[in-house]
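Accompanying notes for the structure given below.
The values are calculated or read from the model by the stated rules, or taken from the named source; none is laboratory data. All values derive from a computational prediction rather than experimental measurement. Cβ atoms come from the backbone with ideal geometry, glycine included; neighbour counts cover every protein chain shown.
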Amino acid sequence: MGYQTRSIGGTDWLHRPELRWLVVLLTVEAAGLVGYFALTDASVQAVRYVLYPFVWINVGVLAVVHVTPPSGDRRARFVAAAVAVGYFVVLGLLSGLISVDLAALLGSGHGHSHAHVHGLQVTMSAPGWGPRVGYAGSVLTLNFVPFRVVGYLALAYLVYAAVLDLASAALSGLLGLGSCLSCLPIVGSLAAGLAGGTGVAAALSALSVDVSTAVFVASVALLALRPGFDSRP
């Protein structure tokens, strides 16, 4: 059995949890925007960059509410959880949310230990972009950017559901992650992480948020709807 998604019929959509969550999210986001720009001297340079974080947050949250992972045995859940955690870590490394100083880790030098300020830092930014929380250590650096963290957690959850779905499918032979169209977002959302990080080509740097947002939405849609997998109800 594929994982469960809730069907829409008649006026049932008015009572769907996705709609309730969307109303709550939009209300909080609108209040946050009004408060931020009213209480600070910040100005809007490009409307789309103000709204992009909410696209990530809203699409991610609604996809998580929409999808219920299938039941599976303990081993399948463990494997799916391990894949999802690894997937989130890779996205974090590609996007710059997580940074590891290999030189310091291996003890082969001082690395960048004197190149940046160590400790906890908090930076206020527009809602969704901030508040940004960063921790810089001698080996590990962590950056909390709200919309990216929420988006990548949502993708990791959907990958968890997808792995359980594949593990519990009654198919002849072994079914690998790369054997169905619905797994293409795993590559696509890795590209989203890359587009949002320092690895993006200079020619695309000005559009990195646009590109990563488009790839993120496509990835969530494909993982949530699971096209190409016949056992999905």
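Table: residues versus (1) modelled with pLDDT under 90; (2) under 21 Å from Leu225 (Cα atoms); (3) touching a His at 6+ places or on another chain (Cβ under 8 Å).
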residue	(1), (2), (3)
Val24	no, no, no
Gly32	no, no, no
Gly35	no, no, no
Ala46	yes, no, no
Val61	no, yes, no
Ser95	yes, no, no
Ala104	yes, no, yes
Gly109	yes, no, no
Ala126	no, no, no
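Suppose the filter is surrounded by 14 or more Cβ atoms within 10 Å (Cβ to Cβ) and of a type outside the set (A, V, I, L, M, F, W, C); does Ser71 pass it? No, not satisfied. The set of residues in the range 201-233 being modelled with pLDDT under 60 and of a type in the set (Ser, Thr, Tyr) consists of Ser205, Ser231. The residue pairs whose first member lies in the range 96-108 and is within 23 Å of Tyr152 (Cβ to Cβ) and in contact (Cβ under 8 Å) with a residue 12 or more places away in the chain, whose second member is surrounded by 16 or more Cβ atoms within 10 Å (Cβ to Cβ) and charged (D, E, K, R), and whose beta carbons are closer than 8 Å, counting only pairs six or more residues apart or on different chains, are Leu97/Arg148. Among the conditions (1) over 19 Å from Val159 (Cβ atoms); (2) assigned to a loop (DSSP other than H, G, I, E, B), the only one that Leu33 does not satisfy is (2).
Looking at Val23, is it out of contact with any Gly (no Cβ under 7 Å at 6 or more places or on another chain) and either free of Cβ contacts under 8 Å to residues at least 12 places away in the same chain or closer than 22 Å to Val133 by Cβ (or both)? In short, yes.
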